[in-house]
């Protein structure tokens, strides 16, 4: 697996190349899908979790990788709960994974090592804050928003701030 270079994603400190070399992500994603059918967001979250929050690939990295794996015949879409598009590994995908298992295991070992040394507190909180900001942005972009709705949103944020201070 892989050669020189590295994949880009959101990460804290250093280059992501210490986990992934060129081409590694393809087989790492395939391995995660072979474990169980997953959709793109689940893959992003799983990679973040496995690195202790040090690496969180962007959708702009994951979805083209899924498209490539599908084009190669290594995965196929299946309909999951609520109509979400899940991917499952195909027999050719499992064979390709078997041929590259040593490299995948090495990447997972590097991820586990990083997770052990990672302080996952800040990345997890940053992700939650980003989610809150996105939810607020989406709600505020839908019109109309009433003064009562604004008051409720402000109150929820204020209540959350108080609860956090007491923690």
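Just so it is clear, none of the values below were taken in a lab; they were calculated from the coordinates. Every value quoted in this text rests on a predicted model; they were computed, and no experiment measured them.
Summary of values
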{"item": "Debye-sum result for the stretch 35-167 in log10 I(q)/I(0), which assumes one identical scatterer on each alpha carbon, at q = 0.09 Å⁻¹", "result": "-0.43"}
{"item": "Equivalent ellipsoid, the stretch 123-166 (semi-axes from 5 times Cα gyration tensor eigenvalues, Å)", "result": "21, 16, 3"}
